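K.L.:
First the structure, then my questions, so here it is.
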Amino acid sequence: MDGTDSQEVFISNWEYDQAPESQDHIKIDKRYGLFIDGKFEEPKSKKYFQTTDPANGKVLAKVAEASETDVDRAVKAARKAFKKWSGLPAKERGKYIFRIARLIQERARELAVIESLDGGKPIRESRDIDIPLAANHFFYYAGWADKLEYAFPGRKVKPLGVAGQIIPWNFPLLMAAWKLAPALATGNTVVLKPAETTPLTALKLAEIIRDSDLPNGVVNIVTGAGETGASLVRHPDVDKIAFTGSTAVGKFIRKTIAGTSKKLTLELGGKGANIIFEDAALDQAVEGIVNAIFFNQGHVCCAGSRLFVQESVADLVISKLKIRLNSLFVGDPLDKNTDIGAINSKKQLETIRKYIEIGKSEGGQIYQPDCTLPKKGNWCPPTLFLGVSQSHRIVQEEIFGPVLTVQTFRTIDEVIEKANNSPYGLSAGVWTDKGSKIFHLTKKLKAGVVWANTYNKFDATSPFGGYKESGFGREGGLHGLKPYIKFE
């Protein structure tokens, strides 16, 4: 690995002139094994499951289903590799992580297309957001690997050991990067389990890890459904569990490891409040509303799914929002003009439809633009609910789809009370031209992340995480190192 490599130079040359429009040069194997101890292996159970394209239902590949025995093999490989990896000079660990970042960039087109095929998200989002951010997380933590003594001055830092990491289906490669990069930088080894509906980019990442010459066993990737994850959580030789997913599963994990010495971080559900004041730049705010809830089909834990508009401008904002919704294109994720792609799975589509019916039964006034949906695949139009109250289930419960509830408010105190009246505490947005109002709201809102005059902006240097039923612990930035170290 050449020490003269320049991250900045490489990034400046990494540009796209247009979105990928076909899969002609994208290789997806018919069958994938488990990535254990540096190589792909057949599961002991001989069982495989299918991963499908949510836009048309076509099978993309068969993927190994890891049994408890397979998980045990992966953990043993990680434990065996831990001594060598943690004993490497920190600068050498950083070089490996940097190489992974470079390889992600080199294979960015392939990864973007596969992310959209497997998950249903628009190619513009995979190409311009997910893949670049994943690479940037590896770059960022590669830089921290030999600087931990400066990050935590006066304290001796040691890795925890073997980290079990379980990631969700909405941002598969990005969530893998969020978890792997800081764990590796601090000297831990990892067993990673991707979601069963979106395993392909994690398996492509396994190929990248293999090609980076990372020592065998440092990263192991086991695929499967809930029982595979449960086996990883229960394993007695795992020192740390990091989970991103539903609040219900997070609570189950917390109960499972209670009484053990395992460390735990949880990034769970959300019901983000997006607050528009009368002095906001309203056209900009409407674009922010659309990005907050319809980005990635609303499959975002920090989505701005609860809109609060100051009463004096509510009619104008809602009118502008309806016009904007009518311009959104729902369709083929590989079409660079698509705004809203396919819902990730039939199961999730059923959940979203159930909540839409609940919203109607609760008396909410539904608005959906007149858009033509594809005949095959899993689709849901962008949906607004007006005339809702705090007691409505669609206001209180996470839907995880392109459904937005709209309420009005008069005063700052009123909107703070409404925004905080939620079991979740992950994110919020504030739109105003008054800096003093922004600082007042950020102090009062019970949310781990508060955006001002923007929404859904992420950076590797910034911590992310929530409060209440949105979990605990932080990922990203200097804070993202802490869950993977212990002090002596």
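The values are calculated or read from the model by the stated rules, or taken from the named source; none is laboratory data. Predicted model, so just to flag it, every value in this text is computed and none were measured. Every residue, glycine as well, gets a Cβ built from its backbone with ideal geometry; the counts of neighbours run over all protein chains shown. Ligands, DNA and RNA are excluded from the accessible area calculation, which covers all protein heavy atoms including side chains. Shrake-Rupley method; radii C 1.70, N 1.55, O 1.52, S 1.80 Å.
K.L.:
Assign unit charges at the C-beta atoms only (+1 for Lys and Arg, -1 for Asp and Glu), then state the dipole size of segment 192-258 relative to its Cα centre in Debye, rounded to the nearest 20.
P.N.:
It comes to approximately 380 debye.
K.L.:
Follow-up. Using packing as a proxy for protection, rank 238-248, 450-460, 477-487 so that the peptide with the highest average count of other Cβ atoms within 10 Å comes first. Can you show the working numbers first?
P.N.:
Details: 238-248: 21.5, 450-460: 17.6, 477-487: 19.7.
By packing density, highest mean first, the sequence is 238-248, 477-487, 450-460.
K.L.:
Looking only at segment 177-290, where both bridge partners belong to it, what percent of the DSSP beta bridges are antiparallel (to the nearest 5)? Write down the numbers at each step before the final one.
P.N.:
Values: 0 of 8 bridges.
So the antiparallel bridges in segment 177-290 amount to around 0 percent.
K.L.:
A further question on this structure: How much net charge surrounds I167 when only the other residues with a Cβ under 9 Å from the Cβ of I167 are counted, with Lys and Arg +1 and Asp and Glu -1? The partial results should precede the final answer.
P.N.:
Values: positive: K179, K193; negative: none.
So the environment of I167 carries a net charge of +2.
K.L.:
If only Cα atoms are counted, what is the Rg of segment 60-158, and what is its Dmax, in Å?
P.N.:
Rg and Dmax of segment 60-158, Cα atoms, are 17.5, 51 Å.
K.L.:
Then there is this: Please sort 171-179, 112-120 by packing, taking for each peptide the average over its residues of neighbouring beta carbons within 10 angstrom, highest first. Each step should come with its number before you reach the end.
P.N.:
On the way: 171-179: 26.8, 112-120: 28.4.
Highest to lowest by the protection proxy: 112-120, 171-179.
K.L.:
Related question: If amide hydrogens are placed 1.01 Å from N in the peptide plane, which non-local residues have theirs closer than 5 Å to the one on Y48?
P.N.:
The answer is E65.
K.L.:
Rolling a 1.4 Å sphere over the protein heavy atoms, what is the accessible area per residue of the chain, to the nearest Å²? Please report the intermediate quantities before stating the final value.
P.N.:
Values: 19910 Å² over 488 residues.
Dividing the accessible area of the chain by its residue count gives 41 Å².
K.L.:
Of the beta bridges DSSP finds with both residues in the chain, what % are antiparallel, to the nearest 5? Can you show the working numbers first?
P.N.:
On the way: 20 of 60 bridges.
DSSP beta bridges in the chain are roughly 35 percent antiparallel.
K.L.:
Evaluate the distance, in nm, between pseudo-label points positioned 7 Å from the Cα of N326 and of T411 along their respective Cα→Cβ axes.
P.N.:
So the label points at N326 and T411 sit 3.8 nm apart.
K.L.:
Compute, for the chain, the length of the dipole vector about the Cα centre, with Cβ point charges of +1 (Lys, Arg) and -1 (Asp, Glu) only. Units Debye, rounded to 20. Please list the in-between numbers first.
P.N.:
Working: 66 positive and 57 negative charges, 367 e Å.
Dipole magnitude for the chain comes out near 1760 debye.
K.L.:
Further question on the same structure: Any chance you could check the Cα centroid distance between segment 279-315 and segment 115-192 for me, in angstrom?
P.N.:
For segment 279-315 versus segment 115-192, the Cα centre distance is 28 Å.
K.L.:
Tell me the carbon and sulfur percent of the accessible area for segment 322-399, rounded to whole percent, probe radius 1.4 Å.
P.N.:
Numbers: 1840 of 3860 Å².
In segment 322-399, the share of accessible area belonging to carbon and sulfur is 48 percent.
K.L.:
Turning to a different aspect of this structure: Of K147/K193; K263/K468; K320/K446; K418/K468; K193/K251, which ones are farther than 20 Å apart at the Cα? Spell out each step's value before the answer.
P.N.:
Values: K147/K193 29 Å; K263/K468 18 Å; K320/K446 29 Å; K418/K468 16 Å; K193/K251 18 Å.
Listed pairs above 20 Å: K147/K193; K320/K446.
K.L.:
Rank V63, V449, V162 by how far each Cα sits towards the positive end of the charge dipole of the chain (+1 on Lys, Arg Cβ; -1 on Asp, Glu Cβ) and give me just the farthest.
P.N.:
Towards the positive end, the residue furthest out is V162.
K.L.:
Which three semi-axes in whole Å describe the equivalent ellipsoid of the chain, each the square root of 5 times a Cα gyration tensor eigenvalue, listed largest first?
P.N.:
Working: eigenvalues 267, 130, 95 Å².
So the equivalent ellipsoid measures 37, 25, 22 Å along its semi-axes.
K.L.:
Over all Cα pairs of segment 349-392, how is the pair count split among 5 Å bins, expressed in % and running from 0 up to the last occupied bin?
P.N.:
5, 20, 27, 25, 14, 6, 3, 1
K.L.:
With a ≥ b ≥ c taken as the square roots of the eigenvalues of the C-alpha gyration tensor of segment 304-409, please select rounded if a/c is under 1.5 and otherwise prolate if a/b is larger than b/c or oblate if it is not? Don't skip to the end; give the middle numbers.
P.N.:
Numbers: a/c = 2.34, a/b = 1.35, b/c = 1.73.
It comes out oblate by the Cα gyration axes.
K.L.:
Hey, can you rank 461-467, 410-416 by average C-beta count inside 10 Å, highest first?
P.N.:
Working: 461-467: 17.9, 410-416: 14.9.
Packing proxy ranking, top to bottom: 461-467, 410-416.
K.L.:
Just grab the label-to-label distance for K486 and K158, each label 7 Å out from Cα along the Cβ direction, in nm (one decimal).
P.N.:
In this crude label model, K486 to K158 measures out at 0.6 nm.
K.L.:
Hey, another quick one. Could you give me the percent of Cα pairs per 10 Å distance bin for segment 100-141, shortest bin first, beginning at zero and ending with the bin that holds the maximum distance?
P.N.:
The calculated distribution, bin by bin, is 34, 53, 13.
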